[in-house]
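Remarks on the structure that follows.
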Amino acid sequence: MTAIRATNLSKRYGGTLAVADLSFDVEPGHVTGFLGPNGAGKSTTMRMILGLDQPSGGSVAVDGKPYREWRRPLRKVGALLDAKAVHGGRSARNHLLAIAQSNAIPAGRVAEVLEVVGLSEVAGRRIGGFSLGMSQRLGIAAALLGDPEILLFDEPVNGLDPDGILWIRTLMRKLAAEGRAVFVSSHLMSEMAQTADRLVVIGKGRLIAETSVSEFIGRSSQGYVRVRSPRLAEVAELVKVGELHADHLRVTAMSTLEIGALTARSGIPLEELTFVRPSLEAAYMELTKDSLEFTS
Amino acid sequence: MTHILRSEWTKIRSVRSTVWTLAATAVLMLGLSALLSASVKSQADGPIPGGEAIATSLMGSMFASLSMAALGVLVISSEYRTGSIRTSLMAVPTRMRLLIGKIVVFTIVSLVVCAVAAAGSIGVGLAISQPPSVDLGQLVWSTMGCSAYLTACGLFGLGLGTLIRHTPGALVSAIALMLVLPPLTYQLPGEWGKAVNAYFTTNAGQLIVTGRANDFLGPVSGFGVYLAWVAVAMVAGAVLLQRRDA
């Protein structure tokens with residue numbers, strides 16, 4: 001089973017193409033990060049997956065058929081789009097109960113999911129008074145109601161405190177470990193590095209990469225060796241292939257061993273000799289630099 | 001479908017706006033019945049005929065129509081305002097089923113509450129105006145007619161809410177179509193103007209409450225015409241709901 005399959009998906013708003021010819025798969029058992037700068041089309045894509053927005057072209061299937069064709073979709077797919085998009089006058093319990101009833105989910109599930117997200121104590125309170133963190137938990141409770149095989153989260157850690165972030169990360173990994181497909185969007189690469197094992201990267205509505213996290217780093221940018229020395233100019237002359245910066249030398253063509261041997265032979269003291277691993281952040285910046293909607 | 005109805009019932013009963021609008025409806029109906037019946041009684045020379053006493057008791061429906069329309073609007077526009085319409089459509093992606101669920105639940109709630117409010121208003125009114133005799137058939141007919149009329153007003157609001165998706169916009173449209181424009185159509189000239197006036201929204205719809213006829217329509221046919229207005233708003237809303245992105 002392919003949990004989510006987008007095929008040449010496009011969405012046009014007036015003259016702008018928000019999503020263009022986007023194809024990707026989301027597989028069960030993984031946390032798939034959906035990454036792109038703000039305005040890249042992530043939320044639009046998620047809304048199309050969930051049948052809220054009609055694609056202008058192409059299609060997207062959830063476990064083989066369009067979302068709108070599932071009779072009780074919440075038993076197949078759970079999603080958190082906007083945690084604050086709830087009627088503030090309702091209690092958490094009634095909010096979840098209405099959702100559960102619509103999909104013939106037993107009312108007992110409401111108490112269960114409230115327990116899972118740690119909101120049992122405030123189940124009877126009006127959700128208008130909830131903090132963003134509590135709303136986020138409530139949104140996740142709603143997503144979990146139907147015990148779905150597929151979960152979508154749109155920027156779930158936005159505005160959360162560190163405890164909340166850690167909790168969501170752990171939950172997503174646990175859900176994936178149970179064999180569910182977890183598709184989570186973010187504009188923060190560092191966030192994805194912590195959670196996801198696969199990536200769908202988009203920019204300006206187009207696919208930039210669909211790959212595993214480790215492949216993504218390897219493919220897009222190389223590591224380098226950073227050398228610091230009180231006699232940096234001499235080191236630069238010796239190494240020849242380095243790129244001289246104000247306080248350090250950056251070398252890509254030689255290993256730390258080679259550089260160390262070279263400078264030792266000339267008796268030049270070193271302050272630092274480090275292999276700098278390519279970061280996911282750097283890889284992401286490099287790949288998306290052409291596709292930022294707004295550049296500062 | 002029963003699952004969707006259950007869900008919509010949970011939604012409608014769990015927000016304060018439902019309680020407020022229904023309470024406003026009851027207060028308007030009962031309060032105006034008491035007020036107007038007392039006024040009629042004090043000005044009358046002799047005993048008040050039963051039919052007139054009942055009609056006076058239900059005069060509050062003119063304003064209660066707005067509180068019911070407000071509830072109808074809010075049933076859907078509050079979901080657009082908060083964004084929870086997306087949650088609803090994720091749960092029920094067949095949009096017509098969602099809309100039908102809302103229509104059915106609203107209709108049942110409204111028919112019951114408005115019938116009780118109408119019966120109460122008649123009771124209060126008759127207690128004050130003390131007519132010598134009352135036709136039981138007319139009493140039942142007026143209660144049901146009033147309840148049906150107010151429910152249609154609410155469905156008008158629900159249709160406009162679905163169409164406009166914006167609470168203030170839908171409320172203003174409802175007030176204009178139900179309360180402001182109907183009397184203005186009296187100013188229209190000629191035979192054609194008279195027909196427009198007779199067929200215009202609540203001018204036609206109210207006939208079932210008063211039990212009277214105008215130059216063109218009787219109580220039942222007038223209500224039928226009103227339902228057609230409601231249906232136009234509802235169908236337009238449904239078509240857009242089906243086609244628009246949420």
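Nothing in this text is a laboratory measurement; each read-out follows from the coordinates by a stated rule. The structure presented is a predicted model; accordingly, all values stated were derived computationally and were not measured. Neighbour counts run over all protein chains shown; Cβ positions are idealised from the backbone, glycine included.
Okay, here's what the table says:
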quantity	calculated
Only Lys, Arg (+1) and Asp, Glu (-1) charged, at Cβ; segment A:224-277 dipole about Cα centre in debye	120 debye
Helix A:132-144 axis, angle to chain A major axis (alpha carbon atoms, nearest 10°)	70 degrees
Cα-based helix-to-principal-axis angle, B:219-243 vs chain B, degrees rounded to 10	10 degrees
Where labels lie 7 Å past Cα in the beta-carbon direction, separation of B:ARG243 and B:ILE175 in nm	3.0 nm
Distance (nanometres) between label positions extended 7 Å along Cα→Cβ at B:ALA228 and B:GLN187	2.6 nm
Selection from A:ALA40, A:LEU96, A:LEU166 lying farthest towards where the dipole of segment A:4-218 points positive, charges on Cβ	A:LEU96
Rg/Rh (Cα only; Kirkwood hydrodynamic radius) as it applies to segment A:109-248	1.19
Nitroxide proxy distance, nm - points 7 Å out along Cα→Cβ at A:ARG206 and B:SER221	6.6 nm
Neighbour-limited loop hits for trypsin sites (Lys or Arg not before Pro), segment A:190-273 (at most 10 other Cβ within 10 Å; DSSP other than H, G, I, E, B)	A:LYS240
Length added when fully stretched, A:LEU132-A:GLU258, from 0.36 nm per residue minus Cα-Cα	40.1 nm
Backbone N under 14 Å from the A:ARG12 label point (7 Å along Cα→Cβ), restricted to segment A:37-66	A:55-58
For A:TYR224, residues with placed amide H under 5 Å, excluding near neighbours	A:VAL276
J(HN,Hα) series, segment A:93-107, from Karplus relation 6.51 cos²θ - 1.76 cosθ + 1.60, nearest Hz, glycine and proline x	5, 5, 4, 6, 4, 4, 5, 4, 4, 4, 10, 6, 8, x, 4
Calculated from backbone phi, Karplus (6.51, -1.76, 1.60) coupling profile of segment B:7-21 in Hz, x at Gly/Pro	5, 5, 5, 4, 5, 5, 7, 9, 10, 5, 4, 5, 4, 5, 5
In degrees, nearest ten, helix A:256-266 long axis to first principal axis of chain A (Cα)	20 degrees
Using a Förster distance of 51 Å, the FRET efficiency for A:GLN54-A:ALA246 (Cβ separation, nearest 0.05)	0.40
Helix-only [θ]222 nm of chain B, DSSP H runs n ≥ 4, -39500 (n - 2.57) each, per residue, nearest 500	-26500 deg cm²/dmol
For A:ARG206, distant residues with modelled amide H under 5 Å away	A:ALA20
Beta bridges by DSSP in segment A:60-187, antiparallel share as percent, to the nearest 5	20 percent
Under 15 Å, Cα to Cα: Lys pairs in chain A, sequence gap 8 or more or different chains	5
Cβ-Cβ FRET estimate between A:LEU166 and B:ARG13, R0 fixed at 45 Å, reported to 0.05	0.75
Rounded to the nearest 20 debye, dipole of segment B:2-243 from Cβ charges on Lys, Arg, Asp, Glu	1120 debye
222 nm mean residue ellipticity, helices alone, for chain A (DSSP H n ≥ 4; -39,500 (n - 2.57); rounded to 500)	-10000 deg cm²/dmol
Rounded D (µm²/s) - the protein assembly as shown, Kirkwood Rh over Cα pairs, Stokes-Einstein at 37 °C, 0.692 mPa s	120 µm²/s
DSSP-defined antiparallel bridges as percent of all bridges, segment A:139-289, nearest 5	75 percent
